[in-house]
1. Looking at the range 103-137 only, could you name the residues that are under 15 Å from the mean Cα position of the chain (by Cα) and either aromatic (Phe, Trp, Tyr) or exposed (fewer than 12 other Cβ atoms within 10 Å of the Cβ) (or both)?
2. Can you run down the residue pairs with Cβ atoms below 6 Å, 6 or more apart or on separate chains, where the first is in the range 64-76 and free of Cβ contacts under 8 Å to residues at least 24 places away in the same chain and open to solvent by 70 Å² or more (accessible area, probe 1.4 Å) and the partner is of a type outside the set (Gly, Ala, Ser) and part of a helix (DSSP H, G or I)?
3. Just give me the residues in the range 151-162 being touching a residue at least 24 places away in the same chain (Cβ under 8 Å) and either open to solvent by 80 Å² or more (accessible area, probe 1.4 Å) or in a helix (DSSP H, G or I) (or both), in sequence order.
4. Could you list, ordered by first residue, the pairs with Cβ atoms under 9 Å in which the first is in the range 91-102 and within 16 Å of TYR185 (Cα to Cα) and in contact (Cβ under 8 Å) with a residue 40 or more places away in the chain and the second is open to solvent by 20 Å² or more (accessible area, probe 1.4 Å) and of a type in the set (Asp, Glu), at least 6 apart or interchain?
5. Between a first residue in the range 6-33 that is among the acidic types (Asp, Glu) and a second residue that is part of a helix (DSSP H, G or I) and crowded, with 17+ Cβ neighbours inside 10 Å, which pairs have beta carbons less than 7 Å apart while being 6 or more apart in sequence or on different chains?
6. Can you say whether ILE141 is under 17 Å from TYR198 (Cβ atoms), of a type in the set (A, V, I, L, M) and touching a Leu at 6+ places or on another chain (Cβ under 7 Å), as far as the supplied structure shows?
7. Out of THR5, THR32, report the one residue that is β-branched (Val, Ile, Thr) and assigned to a helix (DSSP H, G or I).
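The values are calculated or read from the model by the stated rules, or taken from the named source; none is laboratory data. Bear in mind that the values here come from a model prediction, so they are computed numbers and not experimental data. Reconstructed Cβ throughout: ideal geometry from the backbone, glycine too, with neighbour counts over all protein chains shown. These accessible areas exclude ligands, DNA and RNA; they are computed on the full protein's heavy atoms, side chains included. Shrake-Rupley method; radii C 1.70, N 1.55, O 1.52, S 1.80 Å.
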Amino acid sequence: MARKTKEDAIATRNILLDSAEQIFFDKGYSQTTLMDVATHAGMTRGAIYWHFKNKMELFEAMIERVHLPLESLVEACADENEPDPLGKFREFSIEFLQQIASDRRLQQVFSVMMHKFEYNGQVTQLEEKQLLSFQEVTSRIERTFNNAIKRGQLPVNLDIKKAAFAKHAFFSGIMNNWLFHPQTYDLAKNAESLVDSYFFMLSNSPHLRLADIN
């Protein structure tokens with residue numbers, strides 16, 4: 001009986017998260033209420049409070065449900081013992097864009113984060129966590145590039161911080177534009193060529209080089 005109760009609780013939590021994804025996507029963060037989510041899920045607001053303290057915690061759980069598997073893959077790319085860091089990072093990047101193109105859940109959650117959440121200082125705790133997540137991902141990317149340089153896969157004078165910044169700008173731009181208007185082009189079909197364009201830039205752009213190296 002206890003195991004069934006635990007399984008039921010997990011199932012209820014997932015239903016609430018599914019509903020949250022849809023309502024946040026439809027109405028945006030600021031306009032969504034817990035009652036909206038409960039109504040969509042066919043539950044009472046009390047059911048939400050059993051699992052989540054407030055709207056912010058519900059929103060964070062929705063993001064974490066898609067972020068946690070992705071973060072483990074990015075961390076694997078950053079492992080200093082990885083023999084092919086650049087190849088692994090390329091593979092992850094292609095798979096990620098292809099997942100965005102085919103996975104409705106990823107599309108909705110990233111659309112909410114990019115287009116439906118107002119970074120206006122009103123939810124500082126949530127904004128600070130998003131900033132921390134950004135910094136952690138940046139650190140993993142920089143470790144990946146460091147390993148790739150050590151293994152002769154990237155130029156020794158690559159400006160790692162600038163290259164990581166360019167990565168955020170490049171891939172965030174692709175996601176932002178495609179999620180805003182997915183009919184523009186076939187993201188899954190073009191994922192490999194888009195990723196390879198970035199990796200070509202890493203190896204060949206003089207603008208991503210350090211002025212001097214010791």
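1. Of everything in the range 103-137, those that are under 15 Å from the mean Cα position of the chain (by Cα) and either aromatic (Phe, Trp, Tyr) or exposed (fewer than 12 other Cβ atoms within 10 Å of the Cβ) (or both) turn out to be ARG104, PHE110, PHE117, LEU131, LEU132, PHE134, GLN135.
2. What qualifies is LEU73/PHE92.
3. Correct list: ARG151, VAL156, LYS162.
4. ILE94/GLU192; ILE94/ASP196; LEU97/GLU192; GLN98/GLU192; ALA101/ASP186
5. Taking only residues 6 or more apart or on different chains, the pairs are GLU21/MET62; GLU21/GLN108; GLU21/VAL109.
6. Criteria not met by ILE141.
7. One residue alone meets the criteria, THR5.
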